[in-house]
Amino acid sequence: MSAGGRGGVRATLSGLTTRGRSFLAAGIAAAICAYVLGQDDLLRVGLLLAVLPLICALVLHRTRHRVTAGRGLTPTRVPAAGEARVRLRVDNVSRLPTGLLMLQDRVPYVLGPRPRFVLDRVEPGGHREVSYRVRSDLRGRYRLGPLQVRLSDPFGMCELTRSFSASDTLTVLPRVEPLPPVRFGGEALGHGDGRRRAPALAGEDDVIPRGYRHGDDLRRVHWRSTARHGELMVRREEQPRRSRCTVLLDTRAIAYEGSGPGSAFEWAVSGAASVVAHLLERGFSVRLLTDSGVTVSGEGGSGHEQAAAAALMMDTLAVIDHSDATDLAGAYDVLRGGHDGLLVAFLGDLDGGQAASVARMRRRGGAVALVLDPEGWTDESESVEAEPDGPLSQQLRVLREGGWTALGVPRGASLEELWRQADRERPGAATLSGRARG
């Protein structure tokens, strides 16, 4: 017998229950006594008692390899505090019925208690289905499985466990808060298409003609311009250029305190996800940027393009974690070359030098900074206004002098209210309001 065979027999015998071991011990003892006393009837009884648990173990050993299992997870991506349903199916592909079955699926503790199910015997060719729900208040990517099935024979002599290798992954996305369409720096956040236009392969027709090139569609010939210029001219095809936005997320570990769903860092991640989703829905070209310089870009609009961009960025934010960086030099290097459009930053605690560095990140277009108050987020009491000469007020002052619309974020603040407040306090908002009233 091979080593693997000996290991399989040993594992099978180790699965004997207390009842099975008792029967085996009683049978061996009865057989020994029958041999000493010369009692054939007692020997038969002893052999029966000893062989019964061994037969049950052998049958169960063969049966466990004829039990298959599968798992279905719906949906595979849920928002924080959302629920997903897991369906388990066990099939008996043997020609013998199974005994009692106990199913146990491995799940991370943050998704809830480990699910266990007890199933009655499964007939030959039959199957059983069970389901359970999982939920998590904390974003992340979690592995479900592998599934373990514990089989028992009808006499309760032996129990064996079979583990399946298949597993599924549940992605818990950060919370997304709906935001109202507002305006920052002259960019219409309610509309992704601006007034500038750029040449493209498809789009609205434009009356500006150009010379014919080999391969151009003859249906695009502009006959009036052809007659005027004396050469073949075709209509240019152009489409609106998308408005652009960069969402900067400060992930430095030293910039935040606390952990868990209600921590400052989780609020910042949820805020970044909300802004990304809001702008993608309105057709913006969005770039997600971290303090270390890591970028993820996506195009908004409608249909598959927007869905793919949103899924990519949400999956990135679902697993993003603290960085070991001590400053925002990586983000500064990315933005130093200049950028168009809106810049929205979610920042943790800043010292004087870091605040000055962030202030220099602004180039053209609107810039909004939401700075989380470290003292307000560590204090369990009601949030109060920042002290005029406190660290947070100094940070906001430096950013505002650099042209930012900077707001402090106290504990439990509403992103929607901050979003509206940033629109009211943006440079030039009061002037535009006065002109509108006039």
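The values are calculated or read from the model by the stated rules, or taken from the named source; none is laboratory data. No experiment lies behind these values; they were computed from the predicted model shown. Please note: Cβ atoms are built from the backbone with ideal geometry, for glycine as well, and neighbour counts cover all protein chains shown. Please note that ligands, DNA and RNA were not included when accessible areas were found on the heavy atoms of the full protein model with its side chains. Shrake-Rupley method; radii C 1.70, N 1.55, O 1.52, S 1.80 Å.
Only one entry of 68, 98 meets the criterion of being β-branched (Val, Ile, Thr), at negative phi, open to solvent by less than 50 Å² (accessible area, probe 1.4 Å) and modelled with pLDDT under 90, and that entry is 98. Take the range 283-305 and flag every residue that is open to solvent by less than 40 Å² (accessible area, probe 1.4 Å) and in a strand (DSSP E or B). Within the range 283-305, 285, 286, 288, 289, 290, 296, 298 qualify.
Quick grid of which residues meet (1) farther than 19 Å from residue 146 by Cα; (2) without any contact (Cβ under 8 Å) to a residue 60 or more places away in the chain:
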{"residue": "38", "(1), (2)": "yes, yes"}
{"residue": "51", "(1), (2)": "yes, yes"}
{"residue": "56", "(1), (2)": "yes, no"}
{"residue": "60", "(1), (2)": "yes, no"}
{"residue": "67", "(1), (2)": "no, no"}
{"residue": "78", "(1), (2)": "yes, no"}
{"residue": "88", "(1), (2)": "no, yes"}
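Please go through the range 260-282 and give me each residue that is over 16 Å from residue 323 (Cβ atoms), in a helix (DSSP H, G or I) and not hydrophobic (A, V, I, L, M, F, W, C), ordered by number. Residues satisfying the conditions are 270, 271, 274, 278, 281.
Please indicate, with yes or no, whether at least one residue in the range 79-93 is open to solvent by less than 20 Å² (accessible area, probe 1.4 Å), under 18 Å from residue 15 (Cβ atoms) and out of contact with any Phe, Trp or Tyr (no Cβ under 8 Å at 6 or more places or on another chain).
Checked against the condition, which is being open to solvent by less than 20 Å² (accessible area, probe 1.4 Å), under 18 Å from residue 15 (Cβ atoms) and out of contact with any Phe, Trp or Tyr (no Cβ under 8 Å at 6 or more places or on another chain), the range 79-93 yields no hits at all.
Those strands (runs of 3 or more DSSP E) of the range 98-155 in which 3 or more residues are more than 28 Å from residue 318 (Cβ to Cβ) occupy 101-105, 116-119, 127-135, 147-152.
This table checks each residue for (1) touching a helix residue (DSSP H, G or I) at 6+ places or on another chain (Cβ under 6 Å); (2) closer than 12 Å to residue 247 by Cβ; (3) among the charged types (D, E, K, R); (4) open to solvent by 40 Å² or more (accessible area, probe 1.4 Å).
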position	(1), (2), (3), (4)
307	no, no, no, yes
310	yes, no, no, no
317	yes, yes, no, no
323	no, no, no, no
329	no, no, no, yes
333	no, no, yes, yes
341	no, yes, no, no
346	yes, yes, no, no
349	yes, no, yes, yes
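None of 360, 400, 420, 411 is under 27 Å from residue 341 (Cα atoms), crowded, with 16+ Cβ neighbours inside 10 Å, modelled with pLDDT of 75 or more and basic (Lys, Arg) except 400. Looking only at residues in the range 345-361 that are in a loop (DSSP other than H, G, I, E, B) and touching a Leu at 6+ places or on another chain (Cβ under 8 Å), the one that is nearest to residue 263 (Cα to Cα) is 348. In the range 104-158, of all residues being loosely packed, with under 15 Cβ neighbours inside 10 Å, over 17 Å from the mean Cα position of the chain (by Cα) and acidic (Asp, Glu), the one that is modelled with the highest pLDDT corresponds to 129.
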